[in-house]
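Structure record follows, encoded as C-alpha cells.
All of the numbers you see were taken from the coordinates with simple rules; none came from a lab. Source: prediction; values computed, not measured. Don't worry about glycine lacking a Cβ; one is built from the backbone with ideal geometry, like all the others, and counts go over all protein chains shown.
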Amino acid sequence: MRLRLSLAIVLLVLATPLFAANYVLTSAHWGNAQANAVAAAGGTVHYAHSSGIAIVTSDDPNFLASANGSNKFQSVAEDIVVQWQMPTQHAELEESVVTPNNETFSPSQWAPTAVNAQGAWNLGYTGAGVRVAILDGGIHNTHIDLNGNVDVARSASMVPGFAFNQDVGTFWHGTHVAGIVAALDNNIGIIGIAPEATIVGVKVLHNGSGSFGQVIAGILYASDPISAGGGGAHIINMSLGALFPKAGGNGSLIGAMAKAVNYAASKGVLVVSAAGNDGVDLGQAQSFTSIPAESGSGLAVSSTGPFGFALGATDFRRPASYSNYGEGTINVAGPGGDFALPGTAVCSQPRIPSGVVTFPCWVFDMVVSTSRGAGASISSYSWAAGTSMAAPAVAAVAALALQAHPGMSLGALKAKLKNSADDEGPNGHDEFYGHGFVNAGNAVQ
C-alpha cells in the first residue's frame, strides 16, 4: 500500500497564446448580427449558444477593441485558463489491494451516514430517473462501481482534443466526485448517496485546469434538454472554483459565468458548487469573490468532517478545517472530510467480507470514493477531502428529493433542501452551515 498526498494550489494563469486568443462574448441573444460582428472584427466563432454566450477565436490583435466597438455585445473579454480547486488532500490504494467482486469499503463510508442516506433508501428512493451532470475532469465510466450509471451517449468534453473519459494521473477528481453521487449498489467497493442516479460526464478541466469558456460551455450544454442536443441534466455539480479579485480585470468573465448559471436556472436545473478550500469568510470578503460558488443563483456548499473517525469519532458535521464559509454565501453544508487529526498513528478499518484497510488514522476522516487507478478495468478507490467532496453529496441528496417529488420546480427543490436540512451551529441561518446540514431522509418526505 502506498500513500500519496497532494496539496491544492489555486493559480490564475493568463492565457498567452502564440498566435490566436480565445474570447468570451455575451449579448442579450445570439443571432446573425452578433455572428457578423465577430467576422467583421476578425474573429471565428468556436461556440455559440442561444443564451447569448459565445466563445470566439481570433489572431487579430485589435479584435477586442473592434468587437467592443460594434455595439453588438454586452461584454467581450479575453478568456483565461485557471487552475481550479482540487481536493485538499488525497490518499490512494495500490490497485493490488483491491480485489474486484468481493470487497467493499462501506465500513469507511461515514458520509452517507452523515446525510442520513439510509433514511431515503429505506423509503425506496435511490435517485432513479434523475440526471446529474458532473462538470469536472475526466470520468472513468468503465469503473466497476460506475459502469452502467454513466450516460455515455450524452456525456461530452468541452476541452479540445480530449474525450469526456480522459484525464491524467492515477487520481481522477471527476471520477471521485461521480462515485460520491452515484456509485452502484452492487456489493462492490462503495455505494453512492443516490446509487441509481444517472451521471452525465461533462469534461471542462484537464489535469485540474480549464478556461472560463470551457466551464461556461459545459454549464450551457448540461442545462439544455436532450431534444435540443444538450445533456438533459436536472442537477449540475461543479466541484471546482477559485478566488478572483472583485476589482480585477476579470469582471466580464465572472459576469459571463453568472449568466450561464442563471441560464441553467431558467431551464429548471439546480447548480451546486463547492464553496472552496481557502478557509476564508466569503461573507466578509471585500476584495475577492469565489467563482462559481458565488455565481448567479446556484447553491454554494461548505464542508464538514470528523476528527478521528477511525478512533470512534462520530462528529460528522464538524466544520472542516479548510472550508470557506460566509453569511450570505453558503446555502447548505455537506460531508467533505478533513485531515486535521494530528500525528502519524496508524489505524485499520474492516473490509467486507474480510480483511482490513490500513492508513494513518487521519486518512479515514476523508471521503472514500472511486478513482481511476492505473489499470483499464480494475476498480480502485481513494480517500479525499475538500468542498469538492461536499458538493456532490448535496447534489446526490437533491437527486433523491427530486425522485421523491417528480416535476418539482427549481424553486421548490431549493426550498426542500433548505427546509429539510438539520439546523447545526448557531440557531437559524449561520455563516458556516447556511440553512443547515443536508438530510436525505427529510428531503424525500
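Would you tally the net charge around Phe307, using a Cβ to Cβ cut-off of less than 9 Å, leaving Phe307 out, and scoring K and R as +1, D and E as -1?
Numbers: positive: Arg318; negative: Asp315, Asp338, Asp365.
Once all neighbours under 9 Å are counted, the net charge is -2.
Taking R0 as 35 Å, what's the FRET efficiency between Gln286 and Asn71 from their Cβ-Cβ distance, rounded to 0.05?
Working: r = 33 Å, r/R0 = 0.95.
After rounding, the FRET efficiency stands at 0.55.
7 Å from Cα along Cα→Cβ at both Thr358 and Ser227: what's the point-to-point distance in nm?
5.9
What percent does the relative contact order of the chain come to when contacts are Cα pairs within less than 8 Å and at least six residues apart?
On the way: 1244 pairs, mean separation 83.1, N = 445.
Worked out over the chain, it gives 19 percent.
Report the Stokes-Einstein translational diffusion coefficient (µm² s⁻¹, integer) for the chain, Rh taken as the Kirkwood radius over Cα pairs, at 25 °C with viscosity 0.890 mPa s.
Values: Rh = 21.7 Å.
D, rounded to a whole number, is 113 µm²/s.
Pulled fully out, how much extra length does the chain show between Ala128 and Ala313, if you take 0.36 nm times their separation in residues and subtract their Cα-Cα distance?
Here the segment from Ala128 to Ala313 would lengthen by 63.4 nm.
Going from the alpha-carbon gyration tensor of segment 13-82, what semi-axes, largest first and in whole Å, does one get by taking the root of 5 times each eigenvalue? Mind showing how you got there, number by number?
On the way: eigenvalues 69, 35, 20 Å².
Working from the Cα gyration tensor, I get semi-axes of 19, 13, 10 Å.
Who wins for biggest fluctuation among Ile193, Ile236, Ile144 in a Gaussian network model of the chain, springs between alpha carbons below 10 Å?
Ile144
Which of these, Gly218, Gly230, Gly334, has the largest mean-square fluctuation under a Gaussian network model of the chain (Cα springs below 10 Å)?
Gly230
What spacing in nm lies between the two simple spin-label points modelled at Ala153 and Asn32, each 7 Å away from Cα in the Cβ direction?
Label-label distance for Ala153 and Asn32, simple model: 3.5 nm.
Enumerate the calculated ³J(HN,Hα) couplings along segment 115-126 in order (Karplus 6.51 cos²θ - 1.76 cosθ + 1.60, θ = phi - 60°), each rounded to whole Hz, writing x wherever the residue is Gly or Pro.
8, 6, 4, 4, x, 6, 4, 4, 9, x, 9, 10
Run through the DSSP bridge list for the chain and note the antiparallel percent, rounded to the nearest 5. Please list the in-between numbers first.
Numbers: 43 of 70 bridges.
Bridges in the chain are about 60 percent antiparallel.
Take the chain, connect every pair of alpha-carbon atoms lying under 10 Å apart with a spring to form a Gaussian network, then pick out the residue of Arg154, Arg131, Arg372 with the largest mean-square fluctuation.
Comparing Arg154, Arg131, Arg372 in a Gaussian network model of the chain, the most mobile one is Arg154.
Say a paramagnetic label sat at a point 7 Å from the Cα of Ser409, along Cα to Cβ; which residues of segment 123-151 have their backbone N under 14 Å from it?
Residues passing the 14 Å test: none.
Within 12 Å, Cβ to Cβ, of Ala275, how many net charges do the neighbouring residues add up to if Lys/Arg are +1 and Asp/Glu are -1? Mind showing how you got there, number by number?
On the way: positive: none; negative: Asp278, Asp281, Glu294, Glu431.
Spelling it out: positives minus negatives among the neighbours equals -4.
Using a basic spin-label model with each label point 7 Å from the Cα along Cα→Cβ, how many nm lie between Glu327 and Lys246?
Placing both labels 7 Å beyond Cα along the Cβ direction yields 1.5 nm.
So how far, in whole Å, is the C-alpha centre of segment 150-214 from the one of segment 303-360?
Segment 150-214 and segment 303-360 have Cα centres spaced 23 Å from each other.
Let me have the 222 nm mean residue ellipticity of the chain computed from DSSP H runs of 4+ only, each contributing -39500 (n - 2.57), with the sum over all residues rounded to the nearest 500. Before the final figure, lay out the partial values.
Numbers: 10 runs with 96 residues, N = 445.
When only DSSP H runs of four or more count, the value is -6000 deg cm²/dmol.
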